[in-house]
1. In nm, give the distance between the simple-model label positions of Asp106 and Asp56, each being 7 Å from the Cα along the Cα-to-Cβ direction.
2. Rg and Dmax of the range 49-141, using alpha carbons, in Å: what are they?
3. For the pair Val67/Ala79, report the inter-label distance in nm, with labels modelled 7 Å from Cα in the Cβ direction.
4. Ranked from highest to lowest mean number of other Cβ atoms within 10 Å per residue, what is the order of the peptides 99-107, 147-155?
Amino acid sequence: MSHRTRSALTLSAAAVLLATTAACSSAVTTTSEATASQPPVRSSGQRQAKVAQPVDLTAPRLGGGKVLVRQDETHGSRALEFPRAGKGDGDALVVAVRCHGEGRIDVRLRPLGVGFPVKCRAGEVRTVHHEAALSHSRDAGTIAVTATPAASAAPGSVRWSLTVGRDDLTAVDPMS
């Protein structure tokens with residue numbers, strides 16, 4: 001056999017051996033490769049991750065009366081103006097606030113000098129209604145909302161919405 005024929009046979013044999021080795025090695029996977037390509041198996045005792053439910057932070061509805069300002073889902077602090085009361089708009093200024101997230105919001109009504117805090121919680125949506133019946137309740141004014149997240153919460157994690165309106169003063173029974 002000539003040197004050229006031997007070289008050609010050697011190269012052919014090497015190619016066949018290489019193809020066979022490649023075919024065999026691709027069919028065999030090691031334990032670590034099999035584990036990496038398969039999804040993890042969970043036992044029923046393991047905890048499932050919580051699925052976040054959408055939180056409805058649309059501005060709360062008032063019981064009646066005239067809506068002056070609506071602010072849907074917001075984060076951070078804001079100041080919103082409301083107009084002067086018209087004839088027949090009612091003798092009370094009603095504020096409904098809704099919040100979610102770990103922290104609090106502080107609500108101030110100017111020029112009435114009225115304010116109130118609302119403690120917000122991460123796992124629930126809180127809605128609070130307040131009404132003010134003051135001699136200045138017919139004036140135009142500003143409602144300022146200051147959102148303060150808890151020390152352990154991220155900035156902007158407290159979300160809120162509000163509705164400001166005019167209505168008739170609700171009679172409150174002091175005995176209840």
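What follows is calculated from the coordinates using simple rules that are stated; it is not laboratory data. Treat the numbers as computed from the prediction; the structure is a model and nothing was measured. Neighbour counts are summed over all protein chains in view; Cβ atoms, including those assigned to glycine, are modelled from backbone coordinates with ideal geometry.
1. Here the answer is 3.2 nm between the modelled labels.
2. Rg and Dmax of the range 49-141, Cα atoms, are 14.8, 55 Å.
3. Distance between label points: 2.5 nm.
4. Working: 99-107: 21.1, 147-155: 13.7.
Sorting 99-107, 147-155 by mean packing, highest first, produces 99-107, 147-155.
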